[in-house]
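Peer 1: Sharing a structure with you now.
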Amino acid sequence: MSSQSIIKLRNIGPKSARMLEEIGISTVEDLQKFGSVNAYIKLKFFFPDQISLNFLWAMAAGLQNRDWRDLSDNEKQDLKSKIG
């Protein structure tokens, strides 16, 4: 799964994939290395009006091959606390 295009990641659609590619994340492996929290922070910087916490949930859950809606409130709070 790691070297697959980012569009193949669960929870990531074409628009999200394009935004990730614009910040240099084009494969699942890229996102694994960069981390979903760091990717969210960079996305929020470059696309401030288009990025919500749902994007963070989508990336984090996608890396675990889970639907983002399956993240628990504790998991979401933990991710949110890492934003800074």
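Peer 1: Scan segment 40-63 for residues that are within 11 Å of the chain's Cα centre (by Cα) and either outside any helix (DSSP H, G or I) or of a type in the set (Phe, Trp, Tyr) (or both) and jot them down.
Peer 2: Of everything in segment 40-63, those that are within 11 Å of the chain's Cα centre (by Cα) and either outside any helix (DSSP H, G or I) or of a type in the set (Phe, Trp, Tyr) (or both) turn out to be TYR40, ILE51, SER52, PHE55, TRP57.
Peer 1: Run down ASP70, ASP30 and say which single residue is of a type in the set (D, E, K, R) and touching a residue at least 24 places away in the same chain (Cβ under 8 Å).
Peer 2: Step by step, each of ASP70, ASP30 is checked, and only ASP30 is of a type in the set (D, E, K, R) and touching a residue at least 24 places away in the same chain (Cβ under 8 Å).
Peer 1: Restricting segment 3-24 to residues that are assigned to a loop (DSSP other than H, G, I, E, B) and without any contact (Cβ under 8 Å) to a residue 24 or more places away in the chain, which is farthest from SER52 (Cα to Cα)?
Peer 2: Only one residue fits best here, namely GLY24.
Peer 1: Next question. Does LEU9 satisfy the criteria of being over 15 Å from LYS82 (Cα atoms) and of a type outside the set (S, T, N, Q)?
Peer 2: So LEU9 passes the test.
Peer 1: Regarding segment 28-38, can at least one residue be identified that is loosely packed, with under 13 Cβ neighbours inside 10 Å and in a loop (DSSP other than H, G, I, E, B)?
Peer 2: No, the conditions are met nowhere in segment 28-38.
Peer 1: Do we have any residue at all in segment 53-65 that's within 15 Å of GLY13 (Cβ to Cβ) and surrounded by fewer than 19 Cβ atoms within 10 Å (Cβ to Cβ)?
Peer 2: Taking every residue of segment 53-65 in turn, at least one turns out to be within 15 Å of GLY13 (Cβ to Cβ) and surrounded by fewer than 19 Cβ atoms within 10 Å (Cβ to Cβ).
Peer 1: Same structure, new question: Mind checking which residues of segment 66-77 are in a helix (DSSP H, G or I) and surrounded by 13 or more Cβ atoms within 10 Å (Cβ to Cβ)?
Peer 2: Within segment 66-77, TRP68, GLU75, LYS76 qualify.
FYI, it's all coordinate maths here, none of it is from the lab. Predicted, not measured: the structure shown is a model, and the values here were computed from it. FYI the Cβ positions are ideal-geometry reconstructions off the backbone, even for glycines, and counts take in every protein chain you see.
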